[in-house]
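These notes are about the structure you will find just below.
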Amino acid sequence: MTTQNFVPFVDLHAQYLSIKGEVDAAIASVIRDSSFIRGPHVDAFESDFAAMHNIEHCISCGNGTDSLYIAMHALGVKPGDEVIVPAHSWISTSETVSQLGAVPIFCDSDASTFTIDPTLLDQLITSKTVGIIPVHLYGQPADMDAIMVFAKKHKIWVLEDCAQAHLATYKGQLVGTFGNASSFSFYPGKNLGAMGDAGAILTRDKKLAEKMVMFARHGGLTKGDHQIEGINSRMDGMQAAILNVKLKHLAYWTERRQTCAEKYSLLLAGIPGITPPQVALSRKSVWHLYVIQHNRRDALAKHLKRQGIATVVNYPIALPFLPAYAERFHKPEHFPVAHRHQSRILSLPIYPEMSEHQQKLVVKAIKTYRTQE
Ligand SMILES: *Cc1c(COP(=O)(O)O)cnc(C)c1O
């Protein structure tokens, strides 16, 4: 719980309290109707989430990792294929490529936005490349113009990983509407979070949507019909009902995050040693995370912890350097930007319910670190 001089990293309970009546009623209605798996709440969420993006098909599923896996299965990824993924992301983005027998090919980050550096893509393409997964990391859209031009030129698909970027825009266009398909997570801590696991895929392609639905539901569109072997990945009614409530508040919560981010950037400007996050021109971040950089990141994090400020490192080891990819023998000089970022990044608390007082506490604590150095 929030006490005066403690700033949590996120405060999911504060969000629940702000909409308690609506959430409790939604949960009660799921129990009343016994609509635990699929049913009206899931249908409503799929159609509202699709409509919000002005896209024909929304396929809900168990979580954001499954949504990547299901989408790539439908896109026809097979053993031996190569898929370009960012060096800097959560491991879902690359592990799902490997789970289909394909090889994730890592692309280094752009130094100022943490997203894929499109100038490196031409070096990564081979005759085996079938697709690319841009991640809108920390809530900031990747450079979609450059990525779409590259994908068109090489006739490969684009699967947007929007797990951290609900409602973010690139040149005014919502993320999740650029690629052949896009993947979302509703993990509780995400900008649109369920009270458990949930995920979804968006696509304009009817055939692709059918393949996804089939694969996610044991390989058939109707019960007992199994055209292929599939998996079981579905959003449950409780999560859908909660998400339906939260969807109505998402635009406001997003604005709140944007206000918090602006405030941070104002308060942090000019503090020696601190590099605040940068958003590229014509991109609008939804600030899933507010990530600063500092040369002595670990010492700063320790100092903040002592002052009651919670921070997180997202992520301490870039994907190419994880033990999971040790057999690939990646070296720091192969991904110099991601390698530099991994030791310098620090995520500060940010969430819609955060008060200005809390933000000031965070900044004050950062300032005292400087004077103690
Ligand atoms: C959270 C996340 C996922 C996975 O979502 P889950 O719902 O936790 O499976 C995938 N990609 C990125 C970039 C994420 O942040």
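All of the numbers you see were taken from the coordinates with simple rules; none came from a lab. The shown structure was predicted, so the numbers you read here are calculated from the model rather than taken from an experiment. Note that each Cβ is placed from the backbone with ideal geometry, even for glycine, and that neighbours are counted across all protein chains shown.
Numbers for the structure displayed
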quantity: Sequence-separation-based contact order of the stretch 1-124, relative, with Cα cut under 8 Å and 6+ spacing, percent; calculated: 15 percent
quantity: Residue-averaged [θ]222 nm for the chain, counting only DSSP H segments that reach four residues, each worth -39500 (n - 2.57); calculated: -12000 deg cm²/dmol
quantity: Cα centroid separation, the stretch 301-373 to the stretch 172-195 (Å); calculated: 23 Å
quantity: For the chain, built as a Gaussian network whose Cα springs stay under 10 Å, the top-fluctuating residue of Pro104, Pro277, Pro323; calculated: Pro323
quantity: Normalised contact order of the stretch 203-309, rounded percent, pairs of Cα under 8 Å and 6 or more residues apart; calculated: 14 percent
quantity: Normalised contact order of the chain, rounded percent, pairs of Cα under 8 Å and 6 or more residues apart; calculated: 22 percent
quantity: For Val103, residues with placed amide H under 5 Å, excluding near neighbours; calculated: Gly80, Asp81, Glu82, Val83
quantity: Prolate/oblate/rounded call for the stretch 1-140, Cα gyration tensor, a/c under 1.5 rounded; calculated: oblate
quantity: Beta bridge orientation in the chain: antiparallel %, DSSP, nearest 5; calculated: 60 percent
quantity: Sites excluded, chymotrypsin sites (Phe, Trp or Tyr not before Pro) in DSSP loops with at most 14 other C-beta within 10 Å, longest stretch of the chain; calculated: 37-328
quantity: Excluding exposed DSSP-loop trypsin sites (Lys or Arg not before Pro) (at most 14 other C-beta within 10 Å), longest clean stretch of the chain; calculated: 1-127
quantity: Centroid-to-centroid separation of the stretch 59-123 and the stretch 219-298 [C-alpha atoms, Å]; calculated: 18 Å
quantity: Overall form of the stretch 160-306 per C-alpha gyration tensor (a/c, 1.5; a/b vs b/c); calculated: prolate
quantity: The chain shape via C-alpha gyration tensor axes, a/c threshold 1.5; calculated: oblate
quantity: Fluctuation leader among His226, His166, His41 - the chain, Gaussian network, Cα springs under 10 angstrom; calculated: His226
